[in-house]
Amino acid sequence: MNITRKRILVSGGAGFIGSHLCERLLNEGHEVLCLDNFFTGAKENVVHLLENPYFELIRHDITQPFFAEVDQIYNLACPASPVHYQYNAIKTIKTSVMGAINMLGMAKRVNARILQASTSEIYGTPTVHPQEEGYWGNVNPIGIRSCYDEGKRCAETLFMDYHRQHQVDIKIIRIFNTYGPRMHPQDGRVVSNFIVQALRNEDITIYGDGTQTRSFQYVDDLVDGMVRMMHSHAFIGPVNIGNPVEFTMLQLAEKVIELTHSKSSIRFMPLPQDDPKQRQPNIELAQQRLSWTPKIQLDEGLRKTIGYFEKIV
Ligand code: NAD
Ligand code: UDP
């Protein structure tokens, strides 16, 4: 028996990021329990892992309690695309808040270390640029993005309170825009939308004038940061995990058209409510405490992602 093998639960493990994380943990020789209700995730994302005897796939909704003897928990369950999290806003906030309570309760009971997949959305429309972890954010509490933003903020509060009150061994990471293979083609997020549109030679839909910025991180870099954070000592975060290279949506559209050799034109559409104008992480803390820095830049990551979408659309 491998004595370094850990039993690790990944909630939301059949989603885009979760499936890459499960794969990485299995490759490291761990046993993985993947919990998912398949709202935005899919069995296809993990079907290649099912033949591994150390992988278990369990249909479960984390708004309901769950118990298993595990050493570590990665809490990723929550729809992440605005289209999906706004589809059933009440369910989204329940998933963040009740899901966090259920996962933290389990961590407390079985003495597991637990990592929360928080988000740059907790900074809202930032008035500080780039965003560092000490910034408290500028979030609309009653807008259409609030179910996600405030749900994730409340989850961070719960993680800190379980830590202070019950000494639960917690970790919080704030993930900035991430892309890569296994994003849902109808996900609605910008990278997948642009690639799918470009491959079909359909108009590329830019919301607003395209001058808003985002900083895009390739999924392998994120997974590496997550695992480093889980293994870190005397550091609970929150810590930003993202790629600080910032692009406008117009630049992204032009890059995708160039890399796919597409005939698509650009179509400007109305900007959704509360759409943040700028987003760029300050990653000094992750660099210092985790010796982590993103390695895959946009061109390389887009090529890999385009390769994936070419096979499925
Ligand atoms: P995703 O939608 O692909 O994955 C989320 C997974 O959670 C899906 O498999 C879904 O079926 C599952 N899920 C949703 N509600 C659930 C519930 N109540 N019970 C059990 N499972 C449930 O999204 P993703 O991009 O892989 O995001 C994963 C996590 O990372 C989310 O918590 C998200 O908030 C966070 N995050 C992602 C990004 C990004 O750019 N992708 C940025 C910041 C934070
Ligand atoms: N966006 C866009 N066209 C699309 C999808 C998104 O211009 O087809 C814009 C969106 O308005 C936002 C940015 O791209 O300004 C990133 O959107 P996404 O939903 O990917 O992530 P988030 O807004 O949560 O950062």
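The values are calculated or read from the model by the stated rules, or taken from the named source; none is laboratory data. For clarity, every value in this text was computed on a predicted model and none was experimentally measured. Here the Cβ is made from the backbone with ideal geometry for all residues, glycine too, and neighbour counts use every protein chain on show.
Quick check on segment 1-39: of everything there that is in a loop (DSSP other than H, G, I, E, B) and among the basic types (Lys, Arg), which residue is nearest to ligand 2 (Cβ to nearest atom)? The qualifying residue nearest to ligand 2 (Cβ to nearest atom) is LYS6. The number of residues in segment 142-159 that are assigned to a loop (DSSP other than H, G, I, E, B) and among the small types (Gly, Ala, Ser) comes to 1.
Looking across segment 233-256 at every residue that is crowded, with 16+ Cβ neighbours inside 10 Å and polar (S, T, N, Q), the one that is farthest from the chain's Cα centre (by Cα) is identified as THR248. None of ALA89, ALA100, ALA77, ALA68 is within 18 Å of TYR148 (Cα to Cα), at pLDDT 95 or above and surrounded by fewer than 16 Cβ atoms within 10 Å (Cβ to Cβ) except ALA89.
Flag: SER146 matches the condition of being more than 10 Å from ligand 1 (Cβ to nearest atom) and within 18 Å of the chain's Cα centre (by Cα). Is segment 130-141 home to any residue that is in a loop (DSSP other than H, G, I, E, B), surrounded by fewer than 23 Cβ atoms within 10 Å (Cβ to Cβ), within 15 Å of ligand 2 (Cβ to nearest atom) and among the small types (Gly, Ala, Ser)? Taking every residue of segment 130-141 in turn, at least one turns out to be in a loop (DSSP other than H, G, I, E, B), surrounded by fewer than 23 Cβ atoms within 10 Å (Cβ to Cβ), within 15 Å of ligand 2 (Cβ to nearest atom) and among the small types (Gly, Ala, Ser).
If we scan segment 197-216, do we find a residue that is among the small types (Gly, Ala, Ser) and under 17 Å from LYS311 (Cα atoms)? Checked segment 197-216: at least one residue is among the small types (Gly, Ala, Ser) and under 17 Å from LYS311 (Cα atoms). Specify the residue that is farthest from ligand 2 (Cβ to nearest atom); the eligible residues are those in segment 160-211 that are under 17 Å from the mean Cα position of the chain (by Cα) and part of a strand (DSSP E or B). My answer is LYS171. Checking each residue in segment 160-178 for being more than 13 Å from ligand 1 (Cβ to nearest atom) and hydrophobic (A, V, I, L, M, F, W, C) picks out MET160, VAL168, ILE170. Determine whether segment 201-218 contains at least one residue that is surrounded by fewer than 22 Cβ atoms within 10 Å (Cβ to Cβ), of a type in the set (Phe, Trp, Tyr) and in contact with a strand residue (DSSP E or B) (Cβ under 9 Å, 6 or more places away or on another chain). Taking every residue of segment 201-218 in turn, at least one turns out to be surrounded by fewer than 22 Cβ atoms within 10 Å (Cβ to Cβ), of a type in the set (Phe, Trp, Tyr) and in contact with a strand residue (DSSP E or B) (Cβ under 9 Å, 6 or more places away or on another chain). With respect to (1) modelled with pLDDT of 95 or more; (2) in a loop (DSSP other than H, G, I, E, B); (3) of a type outside the set (Gly, Ala, Ser), the lone exception for ASP275 is condition (1). So GLN287 passes all but one of these: (1) more than 16 Å from ligand 1 (Cβ to nearest atom); (2) in a helix (DSSP H, G or I); (3) in contact with a helix residue (DSSP H, G or I) (Cβ under 9 Å, 6 or more places away or on another chain); (4) of a type in the set (S, T, N, Q). Which condition number does it fail? Evaluating GLN287 over (1) more than 16 Å from ligand 1 (Cβ to nearest atom); (2) in a helix (DSSP H, G or I); (3) in contact with a helix residue (DSSP H, G or I) (Cβ under 9 Å, 6 or more places away or on another chain); (4) of a type in the set (S, T, N, Q) leaves (3) as the failure.
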